[in-house]
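The values are calculated or read from the model by the stated rules, or taken from the named source; none is laboratory data. In this text the structure is predicted, and so the values were computed from the model without any measurement. Here the Cβ positions follow ideal geometry from the backbone for every residue, glycine too, while neighbour counts run over all protein chains shown. Note: areas computed on protein heavy atoms with side chains; ligands, DNA, RNA excluded. Shrake-Rupley method; radii C 1.70, N 1.55, O 1.52, S 1.80 Å.
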Amino acid sequence: MSFQLKDSFGRIINNMRISVTDRCNFRCRYCMPEEGMVWMNRNELLTFEEITRVVRIVSQLGISKIRLTGGEPLMRKELHRLVKQIAGVEDIHDIAMTTNGFFLKEQARELAEAGLRRITVSLDSLDPIKFSEMTRRDYFHKVWESLELLTSLFPAPIKLNVVLIRGINDDEIEKFAELARTKPFIVRFIEYMPIGADDAWENTKVVPTHEIIERINAKFPPLAQVEYHGHQPADRFRFSDGIGEIGFISSVSEPFCSSCNRIRITSDGKLRTCLFSLHETDLKTPLRTGASDDILSEMIIDAVRKKEEGHLINRPGFVKPQRTMSQIGG
Ligand code: SAM
Ligand code: SF4
């Protein structure tokens, strides 16, 4: 595929995150309130056929990597059907998913058979009690059982996303580092971002990457950065004795905006060029009113051209998007 989707800063976009639902069976404190979430009506969600059409169009524009997310993507019934449809699109080389892991025990096998290549599971605590405090659900053991199954089904190491919040789970940094050395998991520490449903975020609750590295280095063979020439939000590090890998997604302290290669589509069909965008491009209406592939392509190219330079977290002009992470697709 020769076309390259490029923004006005010269960044090449080859990665799309697709949210398949805004619903979730967890209520992580940094993401959703305990009660009162209002879900979209089912007819507002793009159908699998509509999503696959969008994927076919963007694949012609140079997008080759897809990640399914949500809300909780596995709340969407028969997600493996969508995976299979996307896997059948020429020029899509990688299909991944981010999930809370709860439904994987039942669904992982058919997802792998349908063509899902990689899974990232969010796991914020290794302590069942703290896990239930953070997610407001007593589901640690179910997620842990899923993780054990995954290691036998997926060849690539499983990535674990850990959002650290100071004073809540930052005492587990060393336990997670140990896990990355003893199990086939790549632990990725994500800095807490101001995009939750409440206004609980404060800069002082963010545990910056440099602090995590210092803590890990004080106890384990020092971390050394892995040279990597692709585009990933995570900075990758290996322990200097060669055992285990840790990733850092430093969205607050060291944003990776200048090398961002992604766009997002919400479950109700809005194209977003940044997690923190204040503007969305509606693709659902044209999809449902007979727009041609060429028109949809033009809309996507035009939106990407206007992709923002970066987010402004921690800067005076920062405005929190109206939609939360679970509504946008994390
Ligand atoms: N439900 C799935 C899950 O939890 O993995 C997928 C959607 S979730 C919104 C995607 C990722 O966003 C998760 O790894 C979650 O931990 C992360 N996330 C949610 N709210 C966040 C916040 N305020 N700051 C940093 N990461 C956040
Ligand atoms: Fe659900 Fe994921 Fe948000 Fe937790 S982070 S409430 S699992 S969407």
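For the reader, a short list of remarks on this structure follows.
- Qualifying residues in the stretch 117-126 (those that are more than 11 Å from ligand 1 (Cβ to nearest atom) and not hydrophobic (A, V, I, L, M, F, W, C)) - the one least open to solvent (accessible area, probe 1.4 Å): SER125
- Only one entry of GLU90, GLU35, GLU49, GLU110 meets the criterion of being open to solvent by 10 Å² or more (accessible area, probe 1.4 Å), assigned to a helix (DSSP H, G or I), out of contact with any Asp or Glu (no Cβ under 7 Å at 6 or more places or on another chain) and over 21 Å from LYS159 (Cβ atoms), and that entry is GLU49.
- Contact map, the stretch 152-174: first residue in contact (Cβ under 8 Å) with a residue 40 or more places away in the chain, second residue of a type in the set (Gly, Ala, Ser) and open to solvent by 40 Å² or more (accessible area, probe 1.4 Å), Cβ cut-off under 9 Å, separation 6 or more or different chains; pairs are GLU174/ALA218.
- Taking each residue of the stretch 186-207 that is within 9 Å of ligand 1 (Cβ to nearest atom) and looking for partners that are open to solvent by 30 Å² or more (accessible area, probe 1.4 Å) and at pLDDT below 85 with beta-carbon atoms closer than 6 Å, six or more apart or interchain, yields PRO194/LYS320; ILE195/MET325.
- Note on the stretch 185-231: residues that are within 20 Å of the chain's Cα centre (by Cα) and surrounded by 15 or more Cβ atoms within 10 Å (Cβ to Cβ) total 19.
- The stretch 205-246: number of residues that are modelled with pLDDT of 95 or more, in a loop (DSSP other than H, G, I, E, B) and among the aliphatic types (A, V, I, L, M): 3
- Condition check for ARG264: under 27 Å from MET75 (Cα atoms), crowded, with 21+ Cβ neighbours inside 10 Å and either among the basic types (Lys, Arg) or within 16 Å of ligand 1 (Cβ to nearest atom) (or both): yes
- Counted residues, the stretch 98-107 - those being crowded, with 23+ Cβ neighbours inside 10 Å and more than 12 Å from ligand 2 (Cβ to nearest atom): 1
- Put simply, of VAL83, VAL55 the only residue that is in contact with a strand residue (DSSP E or B) (Cβ under 7 Å, 6 or more places away or on another chain), part of a helix (DSSP H, G or I), without any contact (Cβ under 8 Å) to a residue 60 or more places away in the chain and within 16 Å of ligand 1 (Cβ to nearest atom) is VAL83.
- Residue list for the stretch 61-80, filter: more than 15 Å from ligand 1 (Cβ to nearest atom) and out of contact with any helix residue (DSSP H, G or I) (no Cβ under 7 Å at 6 or more places or on another chain): GLY62, ILE63, SER64, LYS65, LYS77, GLU78
- Scanning the stretch 127-143 for residues that are among the hydrophobic types (A, V, I, L, M, F, W, C), open to solvent by 10 Å² or more (accessible area, probe 1.4 Å) and within 15 Å of ligand 1 (Cβ to nearest atom) turns up just one, PHE140.
- Note on the stretch 284-326: residues that are open to solvent by 40 Å² or more (accessible area, probe 1.4 Å), within 16 Å of ligand 1 (Cβ to nearest atom) and either of a type outside the set (A, V, I, L, M, F, W, C) or at pLDDT 80 or above (or both) total 4.
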